[in-house]
Amino acid sequence: MQALSKSRIIDAHLCPKRLWLKLYRQDLEQTSEDAQERFAVGTQVGKLAVQIYDPTGKGVAYVPREEGYDEVVAMTVEQLKLGKPIFEAGFKAAGGLAYADVMLPVRRRGQAGWRMVEVKSSASVKDEQKDDLAIQAYVARSAGVQLHAVAIAHH
């Protein structure tokens with residue numbers, strides 16, 4: 001059985017027909033120039049997040065998504081053991097699959113854990129972004145990650 005990704009859950013929430021089309025009729029999908037521009041801006045904001053959360057460029061792991069889901073999840077598990085910031089961490093558990101933009105190591109009451117940050121290119125926080133983060137946190141916690149905090153960073 002294929003894991004239900006965070007994106008698919010959000011698609012179903014926004015429009016059930018959209019999810020059906022993505023699952024069964026990908027051949028009908030069209031990406032507008034506007035959407036392509038938003039993707040490009042999102043990539044730039046992601047690069048900006050790396051500069052903000054790791055200005056020195058030392059000791060930070062970037063997990064490349066193009067490796068494939070299972071590989072990204074396995075790489076994330078190894079990176080979590082190092083206790084250093086991680087970008088594009090992948091989690092798979094409870095029948096779900098999610099990527100976290102930024103995972104920052106934190107200590108809370110002497111206990112090691114993580115702060116998950118979802119980075120968005122928007123002027124304010126939107127409800128669907130909160131849903132997005134909630135799904136990511138649920139999947140990460142189900143995968144055994146000790147989350148002390150979650151946040152949305154927007155630009």
With the chain treated as a Gaussian network of Cα nodes joined by springs under 10 Å, which of 57, 113, 46 yields the largest mean-square fluctuation? 57
Between residue 154 and residue 74, Cβ-based FRET efficiency (R0 25 Å, step 0.05) works out to 0.25
Listed residues 37, 128, 88, most fluctuating in the chain (Gaussian network, C-alpha, under 10 Å): 37
Taking the dipole of the stretch 4-154 about the Cα centre (Lys, Arg +1; Asp, Glu -1; charges at Cβ), the one of 150, 123, 50 that reaches farthest to the positive side is 150
Can you work out the FRET efficiency for the pair residue 28 and residue 121, with r the C-beta to C-beta distance and R0 = 22 Å, to the nearest 0.05? 0.25
For the chain, list the DSSP H helices whose alpha carbon atoms reach 15 Å or more along the long axis and whose average Kyte-Doolittle value is 1.0 or above? none
Residue 93's amide H: which non-local residues (gap 5+, or another chain) put their own amide H closer than 5 Å, with H modeled 1.01 Å from N in plane and none for Pro or chain starts? none
Non-local Lys pairs in the chain, i.e. 8 or more apart or on different chains, that have alpha carbons under 21 Å apart: 16
If amide H atoms are modeled at 1.01 Å from N in the peptide plane, then the residues at a separation of 5 or more from residue 153, or on another chain, having amide H under 5 Å from its own are 118, 119, 120
Length-normalised contact order for the chain - Cα pairs under 8 Å, 6+ apart - percent: 21 percent
Unit-weight point scatterers at every alpha-carbon of the chain, Debye formula, q = 0.16, 0.18 1/Å: log10 I(q)/I(0) is -0.97, -1.23
Only Lys, Arg (+1) and Asp, Glu (-1) charged, at Cβ; the chain dipole about Cα centre in debye: 720 debye
Between 134, 89, 12, where does the largest GNM mean-square fluctuation fall for the chain, given springs only between Cα atoms within less than 10 Å? 12
In nm, the gap between the two label points placed 7 Å beyond Cα toward Cβ at residue 109 and residue 56 is 3.1 nm
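A short reminder: the numbers here are calculations on the coordinates, not readings from a lab. What you are looking at is a predicted structure, and each value in this text was computed from that prediction instead of being measured. Note that we place each Cβ from the backbone using ideal geometry, even for glycine, and neighbour counts take in every protein chain shown.
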